[in-house]
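The values are calculated or read from the model by the stated rules, or taken from the named source; none is laboratory data. Source: prediction; values computed, not measured. Using ideal geometry, Cβ is built from the backbone for each residue, glycine included, and neighbour counts are taken over all protein chains shown.
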Amino acid sequence: MLLQPARDGGGGDRLRRVRIVLAVAAALLTLAFAACAGEGEPVATGPTGETAEPTGPTATGPTGETGGIPEFSTLQEGVLSVGSCLDYPPFESVEAGQEVGFDVDMVEEIASRLGVTVEWVRADFDTIFTAVAGGQFDMVAAASTITEEREQTVDFSDPYFNSRQALVVNSEETPDLTSYEQLQPGDVVGVQKGTTGAAWARQNLPDGVEIQTFTSATDGLRALEGGAMTAFVADEPFVAEATADLPSLAVVQGIDTDEKYGFAFSPENPELRDAVNIVLAEMIADGTYAAIYDRWFPGAPLPPEFEPSG
């Protein structure tokens with residue numbers, strides 16, 4: 001129906017008053033919406049889905065795909081800072097200036113679902129857990145085995161990888177050495193400082209075998225390649241990858257230590273740990289975990305606990 005202009009002289013005034021009332025009402029609704037959003041929570045500012053900066057100190061809301069992720073906090077708004085050695089392929093390393101690896105892909109996917117970006121922080125493994133507990137970064141992704149000793153310092157996520165230790169030798173120097181039980185007094189075995197491999201070596205190597213620690217496992221393998229020691233003990237997936245291009249080194253023995261990796265968090269931030277656990281479970285259920293696993297461990301059987309559901 002076409003509206004006709006008002007004929008009486010007061011109609012125009014009434015129309016203007018109606019418009020003013022509607023404008024005031026719209027303004028009040030806008031203020032009410034902002035108040036309902038609450039201080040420190042993002043407020044939508046347009047059809048693109050962009051948000052205003054929150055006023056809370058480090059609040060990060062439930063922005064994951066499921067909508068069921070609890071509110072959590074990070075040291076910097078919208079950024080997940082992740083401590084890692086970044087020299088432990090195939091889990092985390094740097095190639096052409098870019099972080100790559102199984103852990104890297106896992107963390108990047110987790111962060112994407114949480115609605116945050118990732119900032120990688122290089123750290124030494126032997127101090128990485130005290131560093132995250134002290135608030136130097138939000139979490140640790142460093143092929144870290146969940147142990148009771150470490151749980152006295154940090155909280156771990158649910159397990160995301162199964163591993164074990166392995167013995168590496170220089171096959172040109174000691175071609176007949178195939179087991180740690182063959183080691184003799186005076187032999188030198190390298191380990192990375194602060195690792196479960198180092199703990200295993202201290203408890204299980206024959207008496208008289210000297211243990212040499214390295215800050216970097218990669219440096220330890222280089223020393224073994226140069227003939228500076230008899231053997232090296234480290235996580236099997238790492239040494240299998242790291243020795244692939246080193247023909248003088250050979251992985252001669254897998255050691256069943258039944259280890260499970262977890263992401264580590266400060267005990268002061270259980271909300272972030274819980275959010276990561278929710279996303280990790282989603283990634284396993286929907287097959288994303290399996291795809292990442294196959295990318296970095298092609299041909300390796302996927303453990304049953306990480307198979308997609310349905």
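What to note about this one:
- Being out of contact with any Gly (no Cβ under 6 Å at 6 or more places or on another chain), of a type in the set (S, T, N, Q) and assigned to a helix (DSSP H, G or I) holds for only one residue in Thr147, Thr127, and it is Thr127.
A quick yes/no check of all residues on (1) under 30 Å from Gln136 (Cα atoms); (2) buried (at least 21 other Cβ atoms within 10 Å of the Cβ); (3) free of Cβ contacts under 8 Å to residues at least 12 places away in the same chain:
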| position | (1), (2), (3) |
| --- | --- |
| Ala217 | yes, yes, no |
| Ala242 | yes, yes, no |
| Asp245 | no, no, yes |
| Val252 | no, no, no |
| Asp256 | no, no, no |
| Tyr261 | yes, yes, no |
| Phe265 | yes, yes, no |
| Leu272 | yes, yes, no |
| Ala275 | yes, yes, no |
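- Within the set Thr178, Thr153, Thr127, Thr147, the sole residue that is under 16 Å from Gly254 (Cα atoms) and either modelled with pLDDT of 95 or more or over 13 Å from the mean Cα position of the chain (by Cα) (or both) turns out to be Thr178.
- When we screen Met139, Met229 for residues that are over 17 Å from the mean Cα position of the chain (by Cα) and surrounded by 18 or more Cβ atoms within 10 Å (Cβ to Cβ), the only hit is Met229.
- Options Ala281, Ala285, Ala290; residue that is farther than 14 Å from Met106 by Cβ and surrounded by fewer than 21 Cβ atoms within 10 Å (Cβ to Cβ): Ala285
- Within the stretch 150-162, the set of residues being buried (at least 22 other Cβ atoms within 10 Å of the Cβ) and either of a type in the set (Val, Ile, Thr) or assigned to a loop (DSSP other than H, G, I, E, B) (or both) comprises Val154, Ser157, Tyr160.
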